[in-house]
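Participant: Structure below; questions to follow.
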Amino acid sequence: MTVTYSSKVANATFFGFHQLLLRWKGSIYKLLYREFILFALLYTVLSIVYRIVLSEDQKRLFEKLSMYCDKYAEQIPVTFVLGFYVTLVVNRWWNQFVNLPWPDRLMFHISSCVQGKDEYGRLLRRTLVRYVNLTSLLIFRSVSTAVCKRFPTMDHVVEAGFMTPEERKVFENVRSPHLKYWIPVVWFSNLASKARQEGRIQDSIDLQNILNEMNRFRTWCATLFGYNWVGVPLVYTQVVTLAVYTFFFACLIGRQFLDHTRGYQGHDLDLYIPVFTLLQFFFYCGWLKKLLWFVREQNGIDGKELPTRFSCWTKIYSGTFPHFVLFLHHARKLST
């Protein structure tokens, strides 16, 4: 989950944006500090071994190995594979957010086009909206681990009021090897057509607008289902991970400061601390870690949010069925 920081830079102060570099929550420092410390420790150990432990002959052999690793490590196309992977994963992550099924427009159409101030009219609008929410819930149970943990079975869906026991029987009687998120869409369309026949929707254009919005909502759900069904190819993740890790494994040896008295090219100074190598590790591995986090987050919401979501639901849901769940019961009473 991204961390909002726009309020921290709302005012144009001299050090406003520089303060963002010192934030810990959601920062690259929090994400990468373990790997960064490990890389620095391994580099330091190799440097101490080269300077103190090895004999002169062993130092000459290590220096040849270091120059070899430094020369051929640059042939690993880290920038290319990381850039390709960044484009793929970030575009995929953003498109999933863009295609989240928002029910607002559909609810506005239902509220304005489905007439009736009596009990039946209110139940009719509530049932239409409930079918919309049920469609999104079935999709979210498929693509989000957090929602699946909140509603692990259809019993929980019925208990929460998104589906009546009668509707569940109809739902389970439909045999399909695929996700049946489209069934509430069919119920919605049939109920909207019935409302038009009964005069609750006074114009066919209004009915068409409602159905078009529902079809748009279904398209969003289908897009999310498709993204969850076809993930990022494992080969891409493996290639990028191996390229980055292999490159920095070679840098552990190839970027060592060698004896400057030997006159090796590019080793005129002995600075002990490889500043630019550490910066390179920080940037490349930071991108890789963040991209792997994106891939993981695309399969569900961070589990750390679950306690908050459960507490919010506990306050909202009192344990009794909402009135709109009893639509069929009230409809039968009104018809008699």
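Participant: What Kirkwood radius, in Å to one decimal, follows from the Cα pairs of segment 26-160? Kindly include the intermediate steps, with their values, before the conclusion.
Facilitator: Details: mean 1/r = 0.0458 Å⁻¹.
Value: 21.8 Å, from the Cα pair sum.
Participant: Hey, got a sec? Which trypsin sites (Lys or Arg not before Pro) in segment 93-178 land in a DSSP loop and have at most 11 other Cβ atoms within 10 Å? Display every interim value, and only then the final one.
Facilitator: Working: sites: Arg105, Lys117, Arg122, Arg125, Arg126, Arg130, Arg141, Lys149, Arg150, Arg168, Lys169, Arg175; in loops: Lys117, Arg175.
Sparse-neighbourhood loop trypsin sites (Lys or Arg not before Pro): Lys117, Arg175.
Participant: Need one word for segment 232-295: rounded, prolate or oblate. Basis is the Cα gyration tensor (sqrt eigenvalues a ≥ b ≥ c); a/c below 1.5 gives rounded, then a/b vs b/c decides. Provide the component values of the computation, followed by the final result.
Facilitator: Values: a/c = 5.29, a/b = 2.61, b/c = 2.03.
Note, shape of segment 232-295 comes out prolate.
Participant: Now, a different point. Mind pulling the per residue volume of the convex hull built on the Cα atoms of segment 122-275? Å³ is fine.
Facilitator: Numbers: hull volume 31.7 nm³, N = 154.
Looking at segment 122-275, the number lands at 206 Å³ per residue.
Participant: Over segment 140-194, what number does the Rg to Rh ratio reach, with both radii from the alpha-carbon atoms and Rh per Kirkwood?
Facilitator: Details: Rg = 12.1 Å, Rh = 12.3 Å.
Dividing the radius of gyration by the Kirkwood radius yields 0.98.
Participant: What does the charge count around Lys117 come to, taking other residues whose C-beta lies under 12 Å from its C-beta (Lys +1, Arg +1, Asp -1, Glu -1)? Please list the in-between numbers first.
Facilitator: Working: positive: Arg122, Arg125, Arg200; negative: Asp118, Glu119.
Neighbour charge sum, excluding Lys117 itself: +1.
Laboratory data are not the source of any read-out in this text; all were calculated from the coordinates shown. Bear in mind the structure is a predicted one, so any value in this text is a computation, not a measurement. Cβ atoms come from the backbone with ideal geometry, glycine included; neighbour counts cover every protein chain shown.
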